[in-house]
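**Student:** Following this message is one structure expressed as structure tokens.
We did not get these values from a lab; they are worked out from the coordinates using the rules stated. None of the values given here were measured: they were computed from a predicted structure. Glycine also receives a Cβ, built like all others from the backbone with ideal geometry; neighbour counts cover every protein chain displayed.
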Amino acid sequence: MNDSDHPRRLHGRKRGRKLRAGLAELVDTLLPRLTLRLPQPPQRLDVAEAFGGRVFQDLWVEIGFGAGEHLAWQAHTHPEVALIGCEPFVNGIATLLRDIEAEGLANIRIYPDDGR
């Protein structure tokens, strides 16, 4: 058996409580600019292109970042590293977006889906 025999499913919900107005606005305005769009195989992700032409020393991926506290800390502590956070839950993404805006973090991109 392989992965195609058992499609991956996300259990639970992708949205929890209703977002406050400020967070909902960030999801509407900031998330589209930071959403990572993956190319179709066999093409590979062009990291510099995904980050607006900026070149980084390394690339780190965090799968399931929750509310994003650790990802935001990593971005602040390691500005030379490109960070991709994968998270399907809108409430966690919104919280991370608030931190990105507040701290002016430019080295994070978000994949708003299951990172597997």
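**Student:** Using amide H atoms built in the peptide plane, which far-off residues or other-chain residues are under 5 Å from Thr35 H to H?
**Tutor:** Under 5 Å from the amide H of Thr35: Ile110.
**Student:** May I ask you to derive the relative contact order of the range 60-116, considering only C-alpha pairs under 8 Å and at least 6 residues apart, and to give it as an integer percent?
**Tutor:** Relative contact order, the range 60-116: 44 percent.
**Student:** Among 108-115, 26-33, 51-58, how do they line up from the highest to the lowest mean number of other beta-carbon atoms within 10 Å?
**Tutor:** Taking the mean over residues of other Cβ atoms within 10 Å, the ranking is 108-115, 26-33, 51-58.
**Student:** What is the Rg over Rh value, at two decimals, for the range 28-110, using alpha-carbon atoms and the Kirkwood definition of Rh?
**Tutor:** 0.94
**Student:** Let me ask something else. With n ≥ 4 as the cut-off for DSSP H runs, can you work out [θ] at 222 nm for the chain, using -39500 (n - 2.57) per run divided by the number of residues, rounded to the nearest 500?
**Tutor:** -9000 deg cm²/dmol
**Student:** Across the range 22-67, how large is the tail of the calculated P(r) beyond 12 Å, expressed as a percent of all Cα pairs?
**Tutor:** Percentage above 12 Å: 74.
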